[in-house]
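Pasting in a structure now, in structure tokens, and then I'll have a few things to ask.
A short reminder: the numbers here are calculations on the coordinates, not readings from a lab. Computed from a predicted structure; not experimentally measured. Ideal geometry is used to build each Cβ from the backbone, glycine not excepted, and the neighbour counts take in all protein chains shown.
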Amino acid sequence: MNHPGETCEERESQGGGGGGQMLPASAAKIIDPDEQTIKEFIPASWFHPVGIHKVLARFWDRLPDVSGMLFLTFTLDPKNYANEETAFEDSRDWLRKVFFQLRHGVEHEGKIYVIDAPYCIKVEFHESGWVHYHAIFLTRRFLPKELLAELWDRGWVKVQRITSKDFHYLLKYVTKPDALPAWVLNRKRLRVFQSTKGFLKPPPPQPKTISLKEPCKRASYKMDERFRRWACMGVLRQNGMARTVKFRMPYRDIFDQLVLSAARDGRYKGNGEIIINRKEGLTLWLRTQSQLLKARS
């Protein structure tokens, strides 16, 4: 399967800018090229309401038109499992077997049904913490619900048709970290979206280049540890360059203490971005962090 999703999740996108208004060419001379700013770190993650758009941007232009295509939903009966994590491991493997049977043909009421088409799977979680799956096949063939329920035999199924609009909504749906079950937070990674060969349109040809950068290594942190690290990170920007900085507490807690004074001084650019005094650097931020940590101890 292809796996468009999270890789090198702590790499900050270099694109985009602050929330300030565009200035006319005549006013360009008042822009300080050495201006240094700080803003919240936005990870490329399926579990972040803003960062999910970074993930989707990687393959959004390659999404197919799924209007009228086969849309399947698989849910689980908790009575069949000891816990949510066991249910996930079992159902994920069983789902592959269901698709294998459909690909090779299954007899139902005297007819042979074959669903051999590229597909994608989106993993989501109920508020209870139990997993469910959405699958979209690039076919308009008919599939009896009774046959699918017989093959699934793990809970309940739905057989529907989908529109591209609903597909896009499905992809943009975010399960926030505080809504994830504990067993998910304890994992190092989880594939939220997967697609088989042929589901996504071919990528545009890229010129061959030789990269001198070292291959990106996957983080060894558990997901809850990763979420905490992200929450404590900010992004410093200067001269078109960006680098991350990690605080000892959530970035937002420090930001909330300093944004009002920054706005009064005319240093708040909007969109969560604050201009930092070049001479002071992060001194004020570190001092505020120490005060907050001391107050909480």
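Return yes when Lys294 is part of a helix (DSSP H, G or I), out of contact with any helix residue (DSSP H, G or I) (no Cβ under 8 Å at 6 or more places or on another chain) and over 22 Å from Ile42 (Cβ atoms) and no when it is not.
yes
I'd like to verify a number: residues in the stretch 112-141 that are out of contact with any strand residue (DSSP E or B) (no Cβ under 7 Å at 6 or more places or on another chain) and crowded, with 17+ Cβ neighbours inside 10 Å, how many?
Qualifying residue count, the stretch 112-141: 1.
In addition: Would you confirm, using the coordinates I've provided, whether Phe142 is more than 27 Å from Ala87 (Cα to Cα), hydrophobic (A, V, I, L, M, F, W, C) and outside any strand (DSSP E or B)?
yes
Can you name every residue in the stretch 147-194 that is among the charged types (D, E, K, R), under 26 Å from Arg229 (Cα atoms) and crowded, with 17+ Cβ neighbours inside 10 Å?
Residues satisfying the conditions do not exist here.
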